[in-house]
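Coordinate-derived values only; no laboratory data. All figures in this text were calculated on a predicted structure; none of them were measured in a lab. A quick note on method: Cβ atoms are made from the backbone with ideal geometry, for glycine too, and the neighbour counts reach across all protein chains shown.
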Amino acid sequence: MVGWVRGHEAIFAWLTAASIVVFVASLILVPFFIVRIPSDYFARGKGHRKLWADQHPVVRGVLMVAKNLLGCIFIVAGIFMLVLPGQGLLTILIGIMFLNFRGKYELERWIVSRRPVLRSINWIRRHAGRAPLVLEA
């Protein structure tokens, strides 16, 4: 085993560097996005407007693909952060919020309603001077 590790030192160096970059990025980006969630986003019965509805269909399509790609990147990074340093669950939640799929709102609401996740989100929002998330209307 030790021989295999020594034979692949470059891979471990790249994984270490990637882990550090992802950790630092999560410390910056996750709070950035969390404080921008409207406090009533998860309130039951609240209608959500269609994103970029007033844009040309081609522009809207390109923006939707870019947004979904960013969501996938956040989810993959969050999965890595479940075993590496970082805010894995919160990063996965941010990634899900970027994606478009049927049942997304219910999944987001279920994740946010978990006590440790909601407590972490509201702690970040409180330190940024933002109102806590409201789950009930």
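Just to check I understand the Karplus step: with θ = phi - 60° and J = 6.51 cos²θ - 1.76 cosθ + 1.60, what whole-Hz values come out for segment 58-65, glycine and proline as x?
5, 4, 4, x, 5, 5, 5, 5
In nm, give the distance between the simple-model label positions of V2 and F101, each being 7 Å from the Cα along the Cα-to-Cβ direction.
4.4 nm
Distance between the C-alpha centers of segment 122-137 and segment 48-84? Whole Å please.
Using only Cα atoms to place each centre, the spacing works out to 23 Å.
Hand me the chymotrypsin sites (Phe, Trp or Tyr not before Pro) from segment 90-137 located in a DSSP loop with no more than 15 other Cβ atoms within 10 Å, in residue order please.
F101
Only counting other Cβ atoms within 10 Å, I'd like V24, V35 sorted with the fewest neighbours first.
Listed from fewest to most nearby Cβ atoms, that is V24, V35.
List the longest stretch of the chain that has no exposed loop site; here a site is one of the trypsin sites (Lys or Arg not before Pro) assigned by DSSP to anything other than H, G, I, E or B, with at most 13 other Cβ within 10 Å.
51-101
Measure nothing but the geometry: give the 0 to 90° angle between the long axis through the Cα atoms of 115-127 and the longest principal axis through the Cα atoms of the chain, rounded to 10°.
Rounded to the nearest ten degrees, it is 80.
Hey, of [x] 12, 38, 33, 13, 3, 0; [y] 12, 38, 37, 12, 1; [z] 11, 34, 31, 15, 6, 2, which did the structure itself give for P(r) over Cα pairs in 10 Å bins from 0, in percent when calculated?
[z]
Tell me the net charge near R119. Cut-off is 14 Å between Cβ atoms, R119 excluded, with +1 for each Lys or Arg and -1 for each Asp or Glu.
Charge balance in the 14 Å sphere: +4.
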